[in-house]
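First the structure, in the form of structure tokens, and then the observations on it.
The values are calculated or read from the model by the stated rules, or taken from the named source; none is laboratory data. Values in this document were obtained by computation on a predicted structure and should not be read as measured data. We place every Cβ from the backbone using ideal geometry, glycine too, and count neighbours over all the protein chains shown. Remember, those area values only see protein heavy atoms, side chains included, never the ligands or the DNA or RNA. Shrake-Rupley method; radii C 1.70, N 1.55, O 1.52, S 1.80 Å.
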Amino acid sequence: MLNLSKIKVALVGVGNCASAFVQGLQYYSDREKEEECIGLRNIFLGDLHSRNIQIVAAFDIDSRKVGKDLSEAIFAPPNNTLKLVDVPNTNVTVHNGPVLDGVGEYTKNIVRVSRLSEANVVDVLKESEAEIVVNLLPSGGIKASQWYAEQALVAQCAFVNATPVFIASDAEWAKRFEEAELPLVGDDLIDQVGATTLHKTLLKLLSMHGVRITETYQLDVGGGTESLDTLGRTRDIKREVKTKSVETALQYKADVVAGSTDYVDFLQNRRDSYFWIKGLYFCKVPMQIDLRLSTVDAPNAGSTLFDVLRAVKIALNRKMKGVILPISAYAFKHPPQLMPIETAEKTFADFIKGNT
Ligand SMILES: NC(=O)c1ccc[n+]([C@@H]2O[C@H](COP(=O)([O-])OP(=O)(O)OC[C@H]3O[C@@H](n4cnc5c(N)ncnc54)[C@H](O)[C@@H]3O)[C@@H](O)[C@H]2O)c1
């Protein structure tokens, strides 16, 4: 039977990622045949379709987005991701939140902070009956991300942390969500065509075939606001998270570097990721790989977000609380516990089936 239940979601940050996500909800809303749903990992998860996801509230701080209907705000500058589809009026007005550290030194000339009065975020969450808050703030907004996690706790909402700020992987936050009997998942969403996943898979494949990897790097350049913010504030943390993750693909020590490098404005929301792999095979004969992956950043989060929100709804229905490890390990680069890809996939599949 058709599951008509709603997954009521509040978006924090109406940037590029939110834009692609909202467009994706529209794009897939009336599609369910395999050939109509190209680009989706799971058309249904359990019995939930992406059309079960309903955005009920949204928050930003940019004057070109605040006070606008979400359907308009997602296309407002400085958002520069692709326009994929027309989005009809959503009847969700973007509310003004506190800026805190949401705007960094490098992005202050790009973001125009709204002068409208700040909304009472907890009241908006409660009135809209939001059950899940999705954090899509700039990665450098550490205080702002923590502040919204706090509001989610007060308003009794589950929290999805798509940013690299440590929330789900922080024991104190995990405990607080556990005590509040609310699900928490994160940190740092995995892309559908993920450079880190591709890198790990290549390294594993080569290692499995007896190649000894000696040196490898993965560096990328992008042109979205987030790439600029990364340059100013989160380059080091992103490098640490990605490097640790890539290192798990090898069972021995090699020289590994993985991270973001630079901002190139004319790339718009495109991202170019460069991979270099050097190793030794039969009789220590050297080999090397030089690769480039080109993607558009924001749509790369869409399919994973669809899965995460439906999985968190399943956790809510089962009254699960605290960090939900099967979701965090499957869909995030920095979960509280890193797992090999196959283990994370199996744990997630078992969770959806109700076996964990
Ligand atoms: N493929 C992906 O796009 C992807 C994948 C993994 C993780 N992420 C993470 O998702 C987050 C969002 O990425 P993005 O590309 O959409 O960034 P973005 O810079 O385009 O969007 C951020 C939005 O947050 C708003 N904002 C800033 N401070 C705020 C505040 N205090 N309150 C409310 N809104 C505020 C900005 O005005 C902007 O609209 C980043 O942390 C990024 O690392 C994205």
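Of the residues examined, L125 is one that is more than 18 Å from the chain's Cα centre (by Cα), within 16 Å of the ligand (Cβ to nearest atom) and within 23 Å of K8 (Cβ to Cβ).
Taken as a whole, the structure leaves F166 outside the set of residues that are away from the ligand (no atom under 13 Å from the Cβ) and closer than 23 Å to A18 by Cβ.
Taking the criterion of being away from the ligand (no atom under 13 Å from the Cβ) and among the small types (G, A, S), the residues of region 169-192 that qualify are S169, A171, A174, A180.
For the structure I just gave you, tell me whether L100 is within 15 Å of the ligand (Cβ to nearest atom), open to solvent by 50 Å² or more (accessible area, probe 1.4 Å) and either in contact with a helix residue (DSSP H, G or I) (Cβ under 7 Å, 6 or more places away or on another chain) or not acidic (D, E) (or both). Considered against the rule, which asks whether it is within 15 Å of the ligand (Cβ to nearest atom), open to solvent by 50 Å² or more (accessible area, probe 1.4 Å) and either in contact with a helix residue (DSSP H, G or I) (Cβ under 7 Å, 6 or more places away or on another chain) or not acidic (D, E) (or both), L100 comes out as yes. The set of residues from region 1-25 being touching a helix residue (DSSP H, G or I) at 6+ places or on another chain (Cβ under 9 Å), aliphatic (A, V, I, L, M) and away from the ligand (no atom under 12 Å from the Cβ) comprises L4, I7, V9, L25. Within region 196-223, restricting attention to residues that are open to solvent by less than 40 Å² (accessible area, probe 1.4 Å) and in contact with a Lys or Arg (Cβ under 8 Å, 6 or more places away or on another chain), the residue that is farthest from V154 (Cα to Cα) is I213. When we screen T107, T90 for residues that are within 21 Å of A20 (Cα to Cα), modelled with pLDDT under 95 and part of a loop (DSSP other than H, G, I, E, B), the only hit is T107. Of the residues making up region 77-94, just one is closer than 18 Å to G223 by Cα and free of Cβ contacts under 8 Å to residues at least 40 places away in the same chain, namely P77. Among the residues making up region 30-83, a single one is out of contact with any strand residue (DSSP E or B) (no Cβ under 8 Å at 6 or more places or on another chain), outside any loop (DSSP other than H, G, I, E, B) and aliphatic (A, V, I, L, M): L45.
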